[in-house]
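Read the figures in this text as sums done on the coordinates, not as results from a lab. Here the structure is a predicted model, which means the values were calculated and not measured. Cβ coordinates were reconstructed from backbone atoms using ideal geometry, including for glycine residues, and neighbour counts include every protein chain displayed.
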Amino acid sequence: MANGFSSALLSQLKPKPRVSVSDWCDKNRYIPTGGSPEPGLFRTSRTPYLKEPMNIFSNTTQNVIVCMFSSQVGKTEIGLNLISYYSANDPSPIMVLMPTDGVAEEFSKTRLQNTIEQSPVLRSIYSNKSRSDTSTIDLKVYDGGFVNIIGANAPSKLASKPIRILIMDEIDRYPDNLAREGSPILLAIQRTTNFHNRKILLISTPTIAEKSN
């Protein structure tokens with residue numbers, strides 16, 4: 001009896017197997033209606049080339065991933081999947097950096113908020129009354145973490161809070177340098193230095209050779 005109890009206790013103490021980003025999203029993340037020609041449950045099989053960059057984030061030894069993709073191939077879905085995955089499995093301070101405040105606001109309203117509302121797991125995480133009251137368009141708060149969505153043209157917002165998960169989208173559309181502040185990319189990366197387990201994603205369609213971020 002004692003041995004059985006000990007075995008049961010030890011089984012409960014074992015760390016849970018690490019699920020990959022793609023596997024979790026295939027079961028839990030929904031693409032909102034109106035945001036894609038194929039709304040509904042996300043399927044990695046629709047865009048198999050997104051699987052590798054997503055799952056590198058499941059590997060604890062890698063902390064910087066760079067994706068240079070052509071336009072309209074679903075690269076922003078990687079960022080949405082990472083937000084979804086970490087919100088549910090490893091709550092963290094997350095920052096999404098878009099080229100401008102206007103693009104950031106549009107992403108928050110039309111992509112992120114709709115993803116949250118149409119994915120049951122995420123809806124339950126973000127609907128906590130005490131948290132939802134403090135959430136805004138550019139800051140989504142949940143138990144154990146938050147998602148800050150800002151524009152690369154706003155240096156004061158880049159210099160505020162420590163960030164563990166940094167998602168930088170369309171980096172070739174960022175301003176080259178901010179007055180007296182420098183590169184918005186470097187400013188954002190500096191926000192992650194307090195975390196040994198930070199994750200940084202840089203994604204973009206490239207522009208001019210030799211000048212592309």
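Quick notes on this structure:
- Cα-based equivalent ellipsoid, the stretch 65-187: semi-axes from gyration tensor eigenvalues, Å: 24, 17, 13
- Estimated FRET transfer efficiency when R0 is 35 angstrom, pair residue 73-residue 18 (beta carbons, to 0.05): 0.80
- Proportion of all alpha-carbon pairs of the chain beyond 24 Å (%): 43
- The length gained by stretching the chain between residue 90 and residue 38 to full extension, at 0.36 nm per residue less their Cα-Cα distance, is 15.9 nm.
- Dividing the mean sequence gap of close Cα pairs (under 8 Å, 6+ apart) by how many residues the stretch 17-114 holds gives a relative contact order of 27 percent.
- With the biggest extent put first, the Cα atoms of the stretch 148-188 measure 24, 21, 14 Å across the principal axes.
- Within the chain, helices built from complete DSSP H runs that reach 15 Å or longer along their own axis (Cα positions) and carry a mean Kyte-Doolittle hydropathy of -1.0 or higher are 2-13, 75-89.
- Extension gain from residue 183 to residue 106, taking 0.36 nm per residue of separation minus the Cα-Cα distance: 25.4 nm
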